[in-house]
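Some notes on the structure that comes next.
The values are calculated or read from the model by the stated rules, or taken from the named source; none is laboratory data. In this text the structure is predicted, and so the values were computed from the model without any measurement. Note that each Cβ is placed from the backbone with ideal geometry, even for glycine, and that neighbours are counted across all protein chains shown.
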Amino acid sequence: MADPGAAVLLPRPGSGRLFAAGRRVRLGDVSTEGRLRLDAVARYLQDIARDDSVDAGYPDPEGWVVRRTLIEVTQSPRFGEQLDLFTWCSGYGWRWVERRTEIRGGAGGAVDAASVWVHVDVGAGTARRLPEEFYEIWGEAAAGRRISPRALLPAEAPAGSDRFPWPVRVADLDTFGHVNNAVHWAPVEEVLARLGPVPAPLRAELEHRSPLRPEPAGEVWAARAGGGIDMWLAAGAEVATVARVRPVGGRPSGT
């Protein structure tokens, strides 16, 4: 039976491919208090995933779309901190994979993440089966663990949620004309600023339900819950993104 993807944070594998990279926390990555923002963390995860694919000689490093991400921040990295990033494959299905990433800082910053990436045909926009090259490169690290891309967060916002507009900007679009995965975390940061912060240690989850496009105009629905926040980003009547942030030890997914 397949485990739900990006629901737990597994330790590093005993064997198989482990890719490492370095990065410094820059000015555009931090909040006004100097904390590494969640949207910057998501960008780091995206960048190291592609760098790993390119370094491994994978034939299609662009053909991936994020379905779900879990981020746990034990200590927020700070502006100027030098980071070491490590990533590996921690599970897979027929058309999707789970990628684990560790971020460790020289001043104690500690972030762990897992993301479910769906393998897609970029031209057709449809999911496609993992090729043999994938298993040859990353299969050993996953040790045969099967994962599912199913959603875990509630799809509907409760009555009385706060609402505010969220227009899509040209700067939010990537080379595929999509609102980039990392951009979906920006309204989470906005909600935390509006409704009240959740200090580390914290657990943040985000699921992509449908594409977000420039039209119709987006709207954020947000509510305080479980000591943290819940957020829905919608375009018209269709929910594009669902997110949840809780203090560690808070309410589990799906409740």
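In the stretch 182-198, the residues that are farther than 12 Å from TRP232 by Cα form Cβ pairs under 7 Å with partners that are polar (S, T, N, Q), at six or more places apart or across chains, as follows: ALA182/GLN46.
Checked against (1) at pLDDT below 95; (2) in contact with a Lys or Arg (Cβ under 6 Å, 6 or more places away or on another chain), TRP64 meets all criteria but (2). Residues that are among the aromatic types (Phe, Trp, Tyr), crowded, with 16+ Cβ neighbours inside 10 Å, assigned to a strand (DSSP E or B) and touching a residue at least 40 places away in the same chain (Cβ under 8 Å): does the stretch 118-138 have at least one? Checking the stretch 118-138: not a single residue is among the aromatic types (Phe, Trp, Tyr), crowded, with 16+ Cβ neighbours inside 10 Å, assigned to a strand (DSSP E or B) and touching a residue at least 40 places away in the same chain (Cβ under 8 Å).
Scanning the stretch 53-76 for residues that are outside any strand (DSSP E or B) and more than 14 Å from GLU133 (Cα to Cα) turns up GLU62, SER76. Taking the condition assigned by TED's automatic domain parsing to the domain that holds LEU233, of a type outside the set (D, E, K, R) and modelled with pLDDT under 95, does VAL168 pass? Here the answer is yes, as VAL168 does meet what is asked.
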